1. Using θ = phi - 60° and the Karplus relation 6.51 cos²θ - 1.76 cosθ + 1.60, list the HN-Hα couplings for the stretch 79-93 in order, rounded to whole Hz, with x at every Gly or Pro.
2. Grab the other residues whose beta carbon is less than 10 angstrom from that of Asn76, score K and R as +1, D and E as -1, and report the net.
3. Where q = 0.11, 0.21, 0.22 Å⁻¹, what log10 of I(q)/I(0) comes from the Debye formula for the chain, counting one point per Cα?
4. Modelling each spin label as a point 7 Å along the Cα-to-Cβ direction, I'd like the Ile59/Leu6 distance in nm, to one decimal.
5. At a 1.4 Å probe radius, carbon and sulfur cover how many percent of the accessible area of the chain?
6. Can you tell me, using C-alpha contacts under 8 Å and at least 6 residues apart, the relative contact order of the chain as a whole percent?
7. Would you please put 15-28, 78-91 in order of how densely packed they are, using the mean number of other Cβ atoms within 10 angstrom per residue and starting with the highest?
8. Per-residue HN-Hα couplings for the stretch 22-27, Karplus 6.51 cos²θ - 1.76 cosθ + 1.60 at θ = phi - 60°, whole Hz, x for Gly and Pro?
Amino acid sequence: MSNRILMLGSEESVTTGVGNSTTVGGATLVRVFNSSNSTIVLSVDDPQGISSYSGAGSISIPTNGIEYIEKPTSYNIYSTGGNFKATKVGFTN
């Protein structure tokens, strides 16, 4: 059986740049849509600078691409290269 997506918050538009980092409402799972006209680099970082979570890093997302990012609640996401939309979500059967 395939997973269904639970929407747990409203979609938010996030402007490019580390200064616009967001936890997406303390989400642990985020649906990211690249709404810009170019490939973005999406980064996840530890605001305390510990980076103990093995998934902290970055990925490229092409124009109109959608990715699901798992992260600890306190970790931020941000992009370089363009704006994106982010929604707090969960998966269910």
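1. With coefficients 6.51, -1.76 and 1.60, one gets 10, 10, x, x, 7, 8, 10, 9, 9, 6, 9, x, 10, 8, 9 Hz.
2. Value of the local net charge: -1.
3. -0.28, -1.00, -1.09
4. Distance between label points: 2.1 nm.
5. Answer for the chain: carbon and sulfur cover 48 percent of the accessible area.
6. Rounded, it is 51 percent for the chain.
7. Peptide ranking by packing, descending: 78-91, 15-28.
8. 9, 8, 6, x, x, 5
The values are calculated or read from the model by the stated rules, or taken from the named source; none is laboratory data. Quick caveat, the model's predicted, so the values are computed rather than measured. Quick reminder, even Gly has a Cβ in these numbers, built from the backbone with ideal geometry, and neighbours come from all protein chains shown. To get the accessible areas, we keep the full protein, side chains included, count just its heavy atoms, and leave off ligands, DNA and RNA. Shrake-Rupley method; radii C 1.70, N 1.55, O 1.52, S 1.80 Å.
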